[in-house]
Structures are given as structure tokens and as C-alpha cells.
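*Asks:* My structure is below; once you've seen it, I'll send some questions.
The values are calculated or read from the model by the stated rules, or taken from the named source; none is laboratory data. Fair warning: this is a prediction, and the values are worked out from it, not measured in the lab. Cβ coordinates were reconstructed from backbone atoms using ideal geometry, including for glycine residues, and neighbour counts include every protein chain displayed.
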Amino acid sequence: MERRDLPSMSQLAAFEALCRLGSTVAAARDLGMTQGAVSRLVAALEARLGVALVRRVGRHLLPTPAAAVWAADLGGALERIAGGAARLRAGAGVMLAVLPGFGANWLAPRLAGFRAAHPGVAVHLATRLEPFDLTAECFDAAVHFGAADWPGAAHMKLWEERVLPCAAPGADLHGMALLGLQTRPDAWARWFAARGEAGRVPAVVFDQFAPMIAAAVHGLGVALLPEFLAEAELAAGRLVALAPAHAAEGAYWLVWPKGAESPALTAFRSWLSAQVG
């Protein structure tokens with residue numbers, strides 16, 4: 001198919017949203033249009049391609065197996081287009097993916113200082129929990145926790161992790177439930193092993209630190225927290241440390257594609273290094 005014969009962006013977006021979300025209702029809500037408009041766009045796409053993309057089952061439109069595979073590829077392409085547009089809008093800026101706890105509790109309070117030092121450089125933040133393809137998603141850099149193992153990326157260490165068990169005032173480490181994090185399933189086992197104690201399995205597991213901290217503040221259990229995330233709650237007296245902080249496995253890193261460093265990223269990296277140092 002020649003480029004002038006390509007389907008419209010609205011047709012592609014409607015079909016991808018239908019496949020990703022599973023219904024025309026959800027796709028319409030995601031795209032800000034009516035359910036009927038989504039159906040018409042998908043039908044127009046089928047007519048344009050000359051291929052059946054969906055089949056009707058009851059009141060639902062379901063993609064054919066081949067169309068579902070294409071929709072997955074299409075989703076990645078639309079993400080890259082959106083990322084490229086965001087990069088153009090950013091101009092002399094840095095597109096940065098951050099871990100939610102790091103972004104909200106450590107980086108965001110310091111960004112005013114970066115803006116004062118570099119008023120012409122915008123920083124655009126997005127949350128990511130797992131490693132991804134930096135180039136494909138059009139990010140200049142990301143903040144990563146773990147080892148220096150991000151494929152195809154240069155690494156700058158920010159700091160080694162230190163953790164401490166925290167709970168609401170009056171709590172007992174051995175008498176309360178343990179709160180865990182999905183991305184760190186062995187954190188408590190390693191913490192108990194370092195103390196020469198038999199470990200326990202977390203009773204409640206969260207996907208992010210923020211709700212886990214809130215649960216600990218309200219007395220649900222004991223959270224094993226990085227020092228920088230615990231500081232504000234400890235200072236306010238909403239949490240207390242039940243044991244001293246100690247080194248844990250893993251570190252925080254700034255990562256960026258090798259050989260792809262802009263002046264804006266250089267300025268941000270230098271500023272970040274000074275903040276950590």
C-alpha cells in the first residue's frame with residue numbers, strides 16, 4: 001500500500017482502541033467520541049483495506065485473530081507517533097520516565113530549582129514501573145531501580161538503596177502484618193535474613209509505594225520503605241521506624257540511550273548529579 005492510500009489516523013485509533021479495550025463503549029470513552037462513531041470508523045477502515053477486521057458476536061465487535069495481532073503492532077506505532085509529537089511540543093526539553101515514588105517524593109520537590117537554573121529547558125515526566133524501550137517510546141531518559149542492566153542504555157548511579165521498617169506509632173514489628181510491594185517480592189525475606197531471623201510472608205501486597213505508605217499510616221501493617229520515601233512521614237510523626245535503616249539490594253539509576261544525548265539532557269543530568277552528590 002502506498003503512503004497516499006494509508007487509512008486515516010482516526011480510523012486506526014478507533015480500531016486500536018476497540019481491540020485494546022474490548023468494546024466500542026470503552027473505546028468511545030477513551031477517544032472522547034460516541035460509540036456509533038467508533039463503529040463507523042472501524043467499518044470505514046475495513047472498507048479501505050478490503051479486509052474483515054472484526055466479527056459481531058451478539059452486541060459486541062471482536063477482532064479476527066489476524067486483526068488482533070495487527071492491532072498490537074498498531075498500538076506501538078501510535079505510541080511512537082504520540083511520543084514524537086510530545087517531543088516536538090517540548091522543544092528544548094527532557095522527556096523523562098520516572099518511578100512514581102521517586103517522581104512524587106524526591107524529584108518533584110526539587111524541580112523548581114532546576115527550572116530556576118535552566119529556565120529554557122522543560123522537563124516532562126511520565127510514570128513507568130518496568131524497563132521499556134527508551135527509543136521506541138521517545139523518552140530521553142528514565143529513572144530505574146535495580147542493577148545497571150537496562151539494555152542499550154548508559155547508566156549514572158544516583159544512590160544505593162537503604163530501607164527501614166515503618167509503622168504507625170505504637171506498632172510492634174512482630175505483632176503486625178507485613179505490607180509488601182509487587183515489584184520487590186523478596187524484600188522482606190532479604191531483610192529478615194540480614195538480621196538472622198526467620199522471615200514472614202507479606203499479608204497485603206501493593207503495586208506502588210504510595211498506597212502502601214497510606215495503609216501503614218492507618219495501622220494496617222508494617223511497610224519496608226526506602227529512606228527517602230519514609231522521611232516525610234517519620235518527620236511528621238505519622239510513622240515510626242521499628243529498626244535502623246540498612247543497605248538493600250539495588251540502586252537508583254538515571255539511564256538514557258547510548259549515543260543519544262541532547263544538550264537539555266546533559267544539563268538535567270549534571271543538575272541531578274549535583275543534587276544527589
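*Asks:* For the subset of segment 23-50 comprising residues that are of a type in the set (Gly, Ala, Ser), touching a residue at least 12 places away in the same chain (Cβ under 8 Å) and touching a Leu at 6+ places or on another chain (Cβ under 9 Å), which member is surrounded by the most Cβ atoms within 10 Å (Cβ to Cβ)?
*Replies:* Step by step, filter segment 23-50, then rank; the result is 27.
*Asks:* Looking at segment 165-213 only, could you name the residues that are closer than 24 Å to residue 104 by Cα, in a loop (DSSP other than H, G, I, E, B) and touching a helix residue (DSSP H, G or I) at 6+ places or on another chain (Cβ under 8 Å)?
*Replies:* 168, 208
*Asks:* Within the set of pairs 6+ apart or on separate chains, which have a first residue in segment 122-149 that is at positive phi, a second that is loosely packed, with under 13 Cβ neighbours inside 10 Å, and C-beta atoms under 6 Å apart?
*Replies:* If the second residue must be loosely packed, with under 13 Cβ neighbours inside 10 Å, the pairs left are 138/84.
*Asks:* Search segment 206-232 for residues that are assigned by TED's automatic domain parsing to the domain that holds residue 176 and in contact (Cβ under 8 Å) with a residue 60 or more places away in the chain and pair each with any residue that is assigned to a loop (DSSP other than H, G, I, E, B) and of a type in the set (Lys, Arg) when their beta-carbon atoms are under 9 Å apart and the residues are at least 6 apart or on different chains.
*Replies:* So the pair list comes out as 224/184; 232/238.
*Asks:* A further question on this structure: From 96, 111, 107, grab the single residue that is aliphatic (A, V, I, L, M), surrounded by 18 or more Cβ atoms within 10 Å (Cβ to Cβ) and free of Cβ contacts under 8 Å to residues at least 40 places away in the same chain.
*Replies:* The match here is 107.
*Asks:* Starting from residues that are within 17 Å of residue 151 (Cα to Cα) and not hydrophobic (A, V, I, L, M, F, W, C), keep the ones in segment 238-256 and report whichever is modelled with the highest pLDDT.
*Replies:* 252
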